[in-house]
Amino acid sequence: MKIIHDLPAETYHAMPELSNSGMSKLKKSPANFKHYLDHGSESTDAMEFGSMFHMAILEPHLFNSTYESTNCNDKRTSAYKSAAKAIEAAGRIPIEEKTVIQLMKMKDAMQSSFPGFIPLRDGRPEVSVLYEDDGVQCKCRIDYLGDDAIIDLKTTTDASANGFQDSVFKFGYNRQQAHYQRPFELAGTPKRFYFWAVEKEPPFLNAIYELDEAALIMGRAEREKLMALYKTCKALDKWPGLPTTIQTISLPAWAFRDKSDNQ
């Protein structure tokens, strides 16, 4: 295992090792993974906001030197365009005033709910980890690595237990946890893992969760399955997409359950 501090995000993302994000692409199809590996992932508004949020919470000094408020909220106005041009000329990224306010209120809500939960004196943010597992070169980028715990920040529309467990299943957060914990397990220094879920709208509700063993068993199993698929595709240098035969499909199982419940 190799732990790297202060590795630029763009350098990390360009590295070829297998990541949890890569496994998400691989789950859809090996062709999706190969395209992601060769071309990267296009940035979305949600991704950009997530990056700003992580930086504002975990690396405020870097946030302040990277972004600057335009003190305007309408990108169509000449005032915004003039302010943005001056900010870009100074080497920073312009963002709307309302976004800065939103991020600061999210940060305040987190600190109010769990004061001191991230004691920056005993850990490091944005830590890159490289490791080998069963012959596969892997990587992960940990939001916050403490002495005995990993903390992963998640923005969400619903931070309640019921809402966030849906996100865990939908986005494979249990597989992510398995991937992030694995290098420390292999090194004999296991870490606890916490998800800190934060809503993006007022009153910016937030909660901290640990997954139960049933969720982790499913996450580890999915990870092992995808790693096996990765090894096969890489060995053959074949990255297939969807089946090329005509398929018969039905409706998802939940549709039949809903129909039965309504009758």
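Figures for the structure shown
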{"item": "Efficiency of FRET from Cβ geometry, residue 29 and residue 134, R₀ 30 Å, rounded to 0.05", "result": "0.85"}
{"item": "Residue-wise HN-Hα coupling along region 56-71, computed from phi with Karplus coefficients 6.51, -1.76, 1.60 (Hz; x: Gly, Pro)", "result": "5, 7, 9, 9, x, 5, 6, 4, 5, 8, 9, 10, 8, 6, 7, 6"}
{"item": "Stretchable slack from residue 113 to residue 224, in nm (0.36 nm times residue separation minus alpha-carbon distance)", "result": "36.4 nm"}
{"item": "Karplus 3J(HN,Hα) series, Hz, for region 48-54 with 6.51 cos²θ - 1.76 cosθ + 1.60 (x for Gly, Pro)", "result": "5, 5, x, 5, 5, 4, 4"}
{"item": "Spin-label pair residue 148/residue 245, simplified geometry with 7 Å Cα→Cβ offset, distance in nm", "result": "5.4"}
{"item": "Whole-number D in µm²/s for the chain (Stokes-Einstein; Kirkwood sum over Cα pairs; 25 °C, 0.890 mPa s)", "result": "118"}
{"item": "Label-to-label distance, nm, for residues given as residue 78 and residue 170 (7 Å Cα→Cβ offset)", "result": "4.3"}
{"item": "Cα-centred dipole magnitude for the chain, charges only on beta-carbon of K, R (+1) and D, E (-1), debye, nearest 20", "result": "620"}
{"item": "For region 141-263: rounded, prolate or oblate by the Cα gyration tensor [a/c cutoff 1.5]", "result": "oblate"}
{"item": "Using alpha-carbon coordinates, inclination of helix 97-113 to the longest axis of the chain, degrees", "result": "70"}
{"item": "Nearest-0.05 FRET efficiency for residue 162 and residue 45, computed from C-beta distance (R0 25 Å)", "result": "0.45"}
{"item": "Dipole-positive endmost among 99, 79, 111 within region 56-113 (Cβ charges, Cα centre)", "result": "79"}
{"item": "Inverse mean reciprocal Cα-Cα distance (Kirkwood Rh) of region 56-113, Å", "result": "12.0"}
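Every read-out reported here was derived from the displayed coordinates using simple, explicitly stated rules and does not represent laboratory data. Just so we're clear, the structure is a prediction, and the values are computed from it rather than from any experiment. Positions of Cβ are generated from backbone atoms using ideal geometry, with glycine treated the same way; all protein chains shown enter the neighbour counts.
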